[in-house]
Amino acid sequence: MPRSRFAGTLSTPCVDVAIDMGNPLLNLTVDGFLKIGAVAATRAAAEDVFHIVKKGSISKHDCEHTLKKMCKEGAYWGAVAGVYVGMEYGMERVRGTRDWKNALMGGALTGALVSAASNNNTDKVVISAITGGAIATAAEFIGYLT
């Protein structure tokens, strides 16, 4: 059952959306896609608004360009987040435990998959896997601090 809620103050907004696809893996993947995709689309919009304000005028072309950029960025980063969340959940299910190693392996697999989809250079794929694993693990450890 879909539900949504928005609550918070100016300094701490909280958005909670629950999607029920009938499978926990799909639920988490779609949730990650939607949340990170929305953040990426908002960032793209804010960046373009800055450039439009700096230019001092707006045209129909500017609006079309901004909308296309929002969709492209939202879809790309949403897909990356969805793959990562799915990989991390998959690692948790396979290993039977929930710890930082799931984030490490999920990040590494996501980095490798995203890199392999965009180029065929083996060195770049390995570097992206290392980077993805490092970022995911760092985020997991930062989450333990808060």
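Any read-out appearing in this document is the output of simple, stated calculations on the displayed coordinates, not a laboratory observation. Computed from a prediction, not measured in an experiment: that's the story for all the values here. FYI the Cβ positions are ideal-geometry reconstructions off the backbone, even for glycines, and counts take in every protein chain you see.
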Take the Cα radius of gyration of the range 22-90 and divide it by 2.2 N^0.38 Å, with N its residue count; two decimals is plenty. 1.38
Taking only DSSP H segments of four or more residues, each worth -39500 (n - 2.57), what value at 222 nm results for the chain once the sum is divided by all its residues, to the nearest 500 deg cm²/dmol? -27000 deg cm²/dmol
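Stretched out fully, how many nm does the piece from Lys68 to Ala134 gain, at 0.36 nm a residue minus the Cα gap? Write down the numbers at each step before the final one.
Working: separation 66, 0.36 × 66 = 23.76 nm, distance 3.12 nm.
Length gained, Lys68 through Ala134: 20.6 nm.
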Once both label points are put 7 Å beyond Cα along the C-beta direction, the Met21-Trp100 separation in nm becomes 2.9 nm
For the pairs Lys35/Lys60; Lys101/Lys124; Lys68/Lys124, note any where the Cα-Cα span goes beyond 24 Å. Lys35/Lys60; Lys68/Lys124
Based only on Cα atoms, what mean projected area does the convex hull of the chain have, in nm²? 12.0 nm²
Taking Cα atoms, how many degrees apart are the long axis of helix 100-118 and the longest axis of the chain, rounded to 10 and kept between 0 and 90? 60 degrees
Size-normalised alpha-carbon gyration radius of the range 99-141, reference 2.2 N^0.38 Å: 1.09
Give me the angle, in degrees from 0 to 90, between the Cα long axis of helix 60-95 and the longest principal axis of the Cα atoms of the chain, rounded to the nearest 10. 10 degrees
Taking the alpha-carbon centre of each part, the distance from the range 39-56 to the range 122-146 in Å is 28 Å
Shape parameters for the range 50-133, alpha-carbon atoms, Rg then Dmax in Å: 18.0, 56
